[in-house]
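Presented below is the structure to which this report refers.
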Amino acid sequence: MNRAVKVFSLLKKRGEGALIPYVPVYPDINKTMKVVEAYIAGGADMIEISVPSARPWIDGPTLQRYHKEALMKNVTLVNSLKVAELVTKEYPEIPIWLIFYLTEALSYDPEELAEMCSNAGIDIVDAPNYPIDDPFGLSKALEKREIYMIIPVDLSTATAKKGDPQYKVLYNILRAARGAIFLMLAAGGLAGIKKEFPADKARNATNNLRRILSELNKDLPIIGVTGISNETHVRKAVKDVGLDGVMMGSAFVKKIQEGASMDELKEFTRLIKQATISP
Amino acid sequence: MIKLTETFGKYGGIWTEDCFKHIARDLGERCSRILEAVDFNSEFQVLSRFMKISKPTIHDLGEPFKLSKAIIINNQGVLLNVIGGLLLAKKLGVSLVVTGARTKEHALASVLISVKLNIPLKIYLSRSLSGDPELLNAVKSLGVEVDGETCKSLYDVPEMYAFQDWFKKPGEVFFLPEKANVGPYPFPSLCEHFYSYLGRFIEEDVREALEDGYGVRIIVAIDSGTTALGIFSAFLEKKISLYTVELDDWKERKEVLVDNCCTLTKGFREKDNTIHRVLAPKLVHLWEVGRIRRIFISADKLSDFQKFFAKERGILVGRASSMVLATALDMEKEHTEDRIFTVIRSPVVGVL
């Protein structure tokens, strides 16, 4: 069974939301592993390992800065998978997500890439702009190995009702979804730290997603992503909105870029994780 | 209806989250309707005259060429694209146009025409352009918002930042692409559409050669391939041989698939892992289906040709023009009877 599915189910029983922090693979594997250790010691339930990209257009300035510096250090998909392999060895119970852009992924044959992911212990692949009709057969190749590709939905699409032009799109996305769904909380779906948290919209969206999922006889965790920066946002996302967890990128990477020590990073992770736990 | 939402096998199209695809489709449909309206075309012509766009000059190249003609284009394509894009933005009723500029010509044309049309413009400058104080002053003095910092501190990809601004507020902002290699459709198609006036300008001259019973070849040197697509667009359905020329130093770089802000195409990965020279997806497709032939030329050959021209004709021919002319000369040496049209830019010094 996919480890992410197992952990989501466990967290649900415990009434906790999942915390999935983003792992920048930089400047080398040893230092990246220290970051992973801090996250896990702070209570991260899963981690998302990134692959630096030459065209990270969905990301804001914080993550773009990381991508660029990592590329200059020759960090590639192979290095990111090496980190995943080490994490799998050290922390076999921690599910691993891998995020990549197509520019980095499509230089591999889909079957080869899926096999590499499987060997490294990847549970979920986050390829932000890969279409659900699977034109390269990547989703299919991953699914054969019990690795799920997460599909993102923006707030406006997620609130579409029957009769709205976007409803069909939403229905197709949810029908194709496996493992979990990303609900993009930032306007336009662009990542980066945002001040405002759209709680009301997110609540409507989450309820609508759950209703359609139930019609499809599916029970998938809905994970908030983009625009979540602090424990207040996380508390709102999990407790007020009812999301099953959060994936956070820029907020963690910013701490690392600002030179936070591993203890500080662990403490930040602990604070965020605490916000996902019901009182 | 003008088709603005094409895909070419795996290239082009709308490579974004499924939930955002409707944004690009809606824009494509609205743009098609505007482009077909009579008032758009008449205003486009008026602005083109205002910006002094004229038909490219065509003349014989003279010795050592026997069969080749030169089509001299300068910045007509850049101007046509900016006029068309900004006029379209005005008709769409957006409150801001964003663009990224890698060339001074695109930056200046965007600024001048936005002022003329009274449309607010934000322009991201590439790292090299942001170091040009004359350009910065000109842009700022005309009241245009300019970002010369982002490309210095992050990726040197100005179009990516402009595209992000559009993506955040697609109803209020219009993204003006500089080249036909970025963004989901309709953006690459719009750019190609406006550049295609170049092809229409020379259609008659090329047809005359065909009517005389000769085979016809057209050669264009490419960077992204936008100008080539614009020129070739008038001839894709005709029995004319189309060629692009590139310097083969690119061979040292790895050609890879690139997701260039929601369009899938090819580009070149450098040793430092950055991507340079992203090709227009339609051009990549037309190479792959064999409609356009791709020619590479070595730097040594180029240098020999430039030296020859400097010595014999007293002209310093620019790199892109030299690539085209050297290729034409090679073709003439094959004893072809075909008439060869070479698309060149004005030489740096001297008159060709």
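The values are calculated or read from the model by the stated rules, or taken from the named source; none is laboratory data. Only a predicted model underlies this, so the values are computations on that prediction, with no experimental measurement involved. For neighbour counting, all protein chains shown are included, and Cβ atoms are generated from backbone atoms with ideal geometry for every residue, glycine included.
At-a-glance table
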{"read-out": "Residues of segment B:312-326 that turn out to be under 13 Å from B:Ala70 (Cβ atoms) and part of a helix (DSSP H, G or I), as a count", "value": "6"}
{"read-out": "Flag if A:Leu63 is within 23 Å of B:Asn260 (Cα to Cα) and within 12 Å of chain B (Cβ to nearest Cβ)", "value": "yes"}
{"read-out": "Flag for A:Lys68 being more than 12 Å from chain B (Cβ to nearest Cβ) and among the basic types (Lys, Arg)", "value": "no"}
{"read-out": "Enumeration of residues in segment A:64-86 that are in contact with a Gly (Cβ under 8 Å, 6 or more places away or on another chain) and surrounded by fewer than 23 Cβ atoms within 10 Å (Cβ to Cβ)", "value": "A:Glu85"}
{"read-out": "Residue in segment B:92-110 that is touching a Cys at 6+ places or on another chain (Cβ under 9 Å) and surrounded by fewer than 22 Cβ atoms within 10 Å (Cβ to Cβ) present", "value": "yes"}
{"read-out": "Looking only at segment B:158-174, and only at residues there that are of a type in the set (Asp, Glu) and within 10 Å of chain A (Cβ to nearest Cβ), the one that is surrounded by the fewest Cβ atoms within 10 Å (Cβ to Cβ)", "value": "B:Asp165"}
{"read-out": "Which numbered condition B:Val115 fails, given (1) within 18 Å of the chain's Cα centre (by Cα); (2) among the β-branched types (Val, Ile, Thr); (3) surrounded by fewer than 23 Cβ atoms within 10 Å (Cβ to Cβ)", "value": "(1)"}
{"read-out": "Given (1) crowded, with 18+ Cβ neighbours inside 10 Å; (2) over 28 Å from B:Cys19 (Cα atoms), index of the condition A:Val241 fails", "value": "(2)"}
{"read-out": "Flag for A:Leu19 being in contact with a Gly (Cβ under 7 Å, 6 or more places away or on another chain), closer than 25 Å to A:Pro152 by Cα, more than 10 Å from every other protein chain (Cβ to nearest Cβ) and surrounded by 22 or more Cβ atoms within 10 Å (Cβ to Cβ)", "value": "yes"}
{"read-out": "Residue selected from segment B:31-46 under the condition assigned to a helix (DSSP H, G or I) and among the hydrophobic types (A, V, I, L, M, F, W, C), by the criterion surrounded by the fewest Cβ atoms within 10 Å (Cβ to Cβ)", "value": "B:Val38"}
{"read-out": "Any hit, segment B:21-32, residues being touching a residue at least 12 places away in the same chain (Cβ under 8 Å), under 29 Å from B:Val324 (Cβ atoms) and touching a Ser or Thr at 6+ places or on another chain (Cβ under 9 Å)", "value": "no"}
{"read-out": "All positions within segment B:130-157 that are within 12 Å of chain A (Cβ to nearest Cβ), out of contact with any Pro (no Cβ under 9 Å at 6 or more places or on another chain) and either buried (at least 22 other Cβ atoms within 10 Å of the Cβ) or among the hydroxyl-bearing types (Ser, Thr, Tyr) (or both)", "value": "B:Val157"}
{"read-out": "Residue check, A:Lys89 over 30 Å from A:Leu220 (Cα atoms), surrounded by fewer than 24 Cβ atoms within 10 Å (Cβ to Cβ) and away from every other protein chain (no Cβ under 14 Å)", "value": "no"}
{"read-out": "Candidates A:Arg145, A:Arg178, filtered to the one that is of a type outside the set (Gly, Ala, Ser) and touching a strand residue (DSSP E or B) at 6+ places or on another chain (Cβ under 8 Å)", "value": "A:Arg178"}
{"read-out": "Selection count where residues are part of a helix (DSSP H, G or I) and either hydroxyl-bearing (Ser, Thr, Tyr) or within 12 Å of another protein chain (Cβ to nearest Cβ) (or both), scope segment A:111-128", "value": "1"}
{"read-out": "Those residues of segment B:135-148 which are in contact with a helix residue (DSSP H, G or I) (Cβ under 9 Å, 6 or more places away or on another chain) and either modelled with pLDDT under 95 or not charged (D, E, K, R) (or both), in sequence order", "value": "B:Leu135, B:Leu136, B:Ala138, B:Val139, B:Leu142, B:Gly143, B:Val144, B:Val146, B:Gly148"}
{"read-out": "Residue that is farthest from B:Phe194 (Cα to Cα), among those in segment B:1-20 that are part of a loop (DSSP other than H, G, I, E, B) and under 21 Å from the mean Cα position of the chain (by Cα)", "value": "B:Ile14"}
{"read-out": "Residue under evaluation B:Phe187, criteria (1) within 14 Å of chain A (Cβ to nearest Cβ); (2) over 16 Å from the mean Cα position of the chain (by Cα); (3) at pLDDT 95 or above, criterion not met", "value": "(2)"}
{"read-out": "Filter pass, B:Lys116 being more than 14 Å from chain A (Cβ to nearest Cβ), over 24 Å from B:Ser224 (Cα atoms) and either part of a helix (DSSP H, G or I) or not β-branched (Val, Ile, Thr) (or both)", "value": "yes"}
{"read-out": "Evaluation of A:Gly259 against (1) in a loop (DSSP other than H, G, I, E, B); (2) within 14 Å of another protein chain (Cβ to nearest Cβ) (one fails), failing number", "value": "(2)"}
{"read-out": "Restricting segment B:330-352 to residues that are under 20 Å from B:Ile222 (Cβ atoms) and assigned to a loop (DSSP other than H, G, I, E, B), the residue that is modelled with the highest pLDDT", "value": "B:Arg345"}
{"read-out": "Pick from segment A:257-274, criterion of a type outside the set (D, E, K, R) and surrounded by 20 or more Cβ atoms within 10 Å (Cβ to Cβ), ranking: farthest from A:Lys31 (Cα to Cα)", "value": "A:Ile272"}
{"read-out": "Residue list for segment B:20-52, restricted to those being within 14 Å of another protein chain (Cβ to nearest Cβ), within 19 Å of B:Lys91 (Cβ to Cβ) and either of a type in the set (Lys, Arg) or touching a His at 6+ places or on another chain (Cβ under 9 Å) (or both)", "value": "B:Arg25"}
{"read-out": "Matching residues, segment B:15-67, being among the polar types (S, T, N, Q) and closer than 30 Å to A:Ala177 by Cβ", "value": "B:Thr16"}
{"read-out": "Any hit, segment B:3-19, residues being more than 14 Å from chain A (Cβ to nearest Cβ) and over 30 Å from A:Asp126 (Cβ atoms)", "value": "yes"}
